[in-house]
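The values are calculated or read from the model by the stated rules, or taken from the named source; none is laboratory data. Because the structure is predicted, anything quoted here is derived from the model rather than measured. Neighbour counts are summed over all protein chains in view; Cβ atoms, including those assigned to glycine, are modelled from backbone coordinates with ideal geometry.
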Amino acid sequence: MAESQGAEPLFRRLALLGIGLIGSSVARIAMQNRAIAGEVVASARTQATLDRVRELGIADRVELDPARAVEGADCVMLCAPVGAYAALAEAIAPHLAPGAILTDVGSTKQSVIRDVGPLVPGGVHFVPAHPLAGTEYSGPDSGFVTLFQNRWCLLTPPPGTDADAVERIAELWRRFGSMVEVMEPSHHDRVLAIVSHLPHLLAFTICGTADDLEGESRQQVLQFAASGFRDFTRIAASDPVMWRDVFLNNREALLEMLARFTEDAQAMARAVRWGDAAYIEESVQRGRRIRRSLIEMKQA
Ligand code: NAP
């Protein structure tokens, strides 16, 4: 971190609206590496979270009012659940500094552009982003400085976005340790529907199915959870508000992937019913191949 000595930081003031898993990871990195931001301001929905942020010492300043938090900031990052973005954008829009970059970390991108885009004042650059990194934990205690290391961050700038602004947000994520790619928002939402949103939907559903079992069987699901079910419960432990908002804001792509999945699950059910051993074996082989590719790409 020698580069943090004396040199002009990438941003003079970074304002984080929402300081849970993602926002507090960003804050921790920026507080450690002063080449990223000269000052870190944090805002949240509740004073309790801001009190905790102060105790943890992961921001220079906290502000309950988002409008005050963004004043004079040259980078504003929305780190709240995507369903809260429209109201947040409305509250901050008149207070954004001319030339500032407004960015975000939301898991859906077409909805963010739909909800926030029209509220961005002229002279403010809007660069939506999504780090493909996370855990099932939430809140300001859950963040950590290595969260984004060797993970992808996808940028989905609307057409005509200032190239310098896009490059500065790309540089910000590179300094967080991420690899950056620019993607069409609709393509982002389809890809994420299959790699993240559908797996979460399946995890929440399977936990519900197990929970509906009666008496002894339900007890034994928990007792013998090690055999597969446990991995689903980890995913299903994720934040309910965040995931409610993701599902409602990537409705079309999620429903399309769910329909495809349901067809394929029916095909598997048919193979099981008719004893089609070759089909079952080939399906398992495919799964193993995908797992191996992930390991080779260091994304496991
Ligand atoms: P989190 O840990 O639950 O934290 C959410 C933060 O947003 C909290 O500080 C919360 O404040 C604040 N907030 C909630 N509602 C708000 C509102 N109406 N107005 C202003 N602030 C509000 O969430 P997270 O996991 O960091 O997720 C944040 C964003 O990152 C989401 O858009 C999510 O889609 C995206 N994302 C998440 C992951 C992941 O794996 N978790 C990965 C990539 C991207 P209080 O604490 O005061 O309630």
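For this structure, a couple of remarks:
- Residues of segment 36-52 that turn out to be more than 7 Å from the ligand (Cβ to nearest atom), part of a helix (DSSP H, G or I) and crowded, with 16+ Cβ neighbours inside 10 Å, as a count: 2
- When residues of segment 53-81 are limited to those that are near the ligand (Cβ under 8 Å from one of its atoms) and closer than 19 Å to S142 by Cα, the one surrounded by the fewest Cβ atoms within 10 Å (Cβ to Cβ): P81
- Those helices (runs of 4 or more DSSP H) of segment 95-192 in which at least 2 residues are buried (at least 16 other Cβ atoms within 10 Å of the Cβ) and in contact with a helix residue (DSSP H, G or I) (Cβ under 6 Å, 6 or more places away or on another chain), considering only elements entirely within it, cover 110-116, 185-192.
- Residue tally, condition of a type in the set (G, A, S) and crowded, with 24+ Cβ neighbours inside 10 Å, over segment 82-94: 1
- If you check P199, P159 for being without any contact (Cβ under 8 Å) to a residue 40 or more places away in the chain and not assigned by TED's automatic domain parsing to the domain that holds R28, only one passes: P199.
- Residue satisfying all of: in segment 220-257; away from the ligand (no atom under 16 Å from the Cβ) and outside any helix (DSSP H, G or I); surrounded by the most Cβ atoms within 10 Å (Cβ to Cβ) among these: A225
- When G215 is tested against the conditions (1) surrounded by 14 or more Cβ atoms within 10 Å (Cβ to Cβ); (2) of a type in the set (G, A, S); (3) at pLDDT below 95, the lone failure is (1).
- Meets criteria (within 23 Å of W243 (Cα to Cα) and away from the ligand (no atom under 14 Å from the Cβ)) for R151: no
- Residues of segment 84-135 classified as away from the ligand (no atom under 14 Å from the Cβ) and free of Cβ contacts under 8 Å to residues at least 40 places away in the same chain, total: 18
- Boolean, V26 is within 10 Å of the ligand (Cβ to nearest atom), farther than 26 Å from D164 by Cβ and modelled with pLDDT of 95 or more: no
- Filter pass, R270 being of a type in the set (K, R), at pLDDT 95 or above, part of a helix (DSSP H, G or I) and surrounded by fewer than 12 Cβ atoms within 10 Å (Cβ to Cβ): yes
Condition check ((1) at pLDDT 95 or above; (2) within 21 Å of H130 (Cβ to Cβ); (3) touching a Leu at 6+ places or on another chain (Cβ under 8 Å); (4) more than 16 Å from the ligand (Cβ to nearest atom)) across all residues:
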site: V191; (1), (2), (3), (4): yes, yes, no, no
site: H200; (1), (2), (3), (4): yes, yes, no, no
site: D276; (1), (2), (3), (4): yes, no, no, yes
site: A300; (1), (2), (3), (4): no, yes, yes, yes
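- Matching option when the condition is without any contact (Cβ under 8 Å) to a residue 40 or more places away in the chain and in contact with a helix residue (DSSP H, G or I) (Cβ under 7 Å, 6 or more places away or on another chain), among A226, A278, A271, A267: A271
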